[in-house]
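Everything below concerns the one structure shown next.
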Amino acid sequence: MHRLALLLLPAVPALAAPAAPSAAGVPAVAAPPASSAAASVRVADCTSALEPEARSATFEARVKAIAGSDRLAVRFSLQTRGEDELGWRRVTAPGLDAWLTSDAGVGRYGYAKTVQNLAAPASYRVVVRFRWLGPEGDVMRTARETSQACRQLDLRPDLVARRVDVLPAGAATDRIFVVALRNAGRTLAPATTVGLRVGDRVLPPALAPVLEPGAVRSVGFTAPACEPGELLEVTADAGGAVDEADEANVLIVPCPAQ
């Protein structure tokens, strides 16, 4: 498949993403169609990554000539949908929403469009419009196809305090407060600290170890006993050292009867 390299265009703000997607296109002339349909679009590549600039999606559109057509044209429109959104929204980015037209006399025309710097978690798809043009540039036929979605996962770690156990300590008036800390994210969480408030008392932070995805570790505090019903407030990543998928790291539970 013959390809002409195009310069990757700079990004512009869009949809409150870390930075807006940018797009580059690669035309392909006289390539075999992806299906028997006169026009089609597919997800050629979907790359997830921890850093936004490494996330990308490539969508490939293909169209075949019809009787009497002279040139073929495609136009890509990018759409996105957040994890909690029901509908799709259009994304504005350089290199999108412009007609891309083949040379005259081409029987089959393909074009691959890559978008980069994608937000996560979110899904991306393209709506491709097709035109068949006659010798005088008149539009003989149109079509519209929508690609499958490229889902971008949030790969960051996510520290979650699952529970607090209150256990006897060496001194009769003390207790050991044991926090079960879990990494609910998809990548390793570096060492950090965990905070604990017992009623109005703020205890010195305790060190939390490095946690692999899905791993659970215990973090202990020794302090005077709490009163039944007194609130225990745990803050995972108390120092804010970990870039997390969800920064809501607080667990509040009542002190159990002892």
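The values are calculated or read from the model by the stated rules, or taken from the named source; none is laboratory data. The structure displayed is predicted, hence computed values, not measured ones. A quick note on method: Cβ atoms are made from the backbone with ideal geometry, for glycine too, and the neighbour counts reach across all protein chains shown. These area figures cover heavy atoms from the full protein model, side chains too; ligands, DNA and RNA do not enter into them. Shrake-Rupley method; radii C 1.70, N 1.55, O 1.52, S 1.80 Å.
How high is the FRET efficiency from D97 to V250, r the C-beta distance, R0 51 Å, rounded to 0.05? Write down the numbers at each step before the final one.
On the way: r = 43 Å, r/R0 = 0.85.
The calculated FRET efficiency here is 0.75.
Normalised by the number of residues in the chain, what is the relative contact order in percent for Cα pairs under 8 Å and 6+ residues apart? Can you show the working numbers first?
Working: 696 pairs, mean separation 41.2, N = 258.
Taking the mean separation of contacting Cα pairs over the length of the chain, I get 16 percent.
On each of the three principal axes of the Cα atoms of region 47-158, give max minus min coordinate, whole Å, ordered largest first.
58, 26, 20
Using R₀ = 22 Å, calculate the FRET efficiency as 1/(1 + (r/R₀)^6) where r is the Cβ-Cβ separation of A49 and T146; round to 0.05. Don't jump to the answer; show the numbers that get you there.
Working: r = 25 Å, r/R0 = 1.13.
The formula returns an efficiency of 0.30 here.
Let me see the pair-distance distribution of the chain: every alpha carbon pair, 5 Å bin width, integer percents in order.
1, 6, 11, 13, 11, 9, 8, 7, 6, 6, 5, 5, 4, 3, 2, 1, 1, 0, 0
Can you list residues whose amide H is under 5 Å from A215's amide H, if they're 5+ apart or on another chain and H is modeled 1.01 Å from N?
For A215, the qualifying residues are N183.
Calculate, for region 170-216, the solvent-accessible area per residue in square angstrom, rolling a 1.4 angstrom probe over the heavy atoms of the protein chains. Write down the numbers at each step before the final one.
Details: 2300 Å² over 47 residues.
I get 49 Å² per residue for region 170-216.
Subtract the Cα-Cα distance of A180 and R162 from 0.36 nm times their separation in residues, and report this length gain in nm to one decimal.
Value of the extension gain: 5.9 nm.
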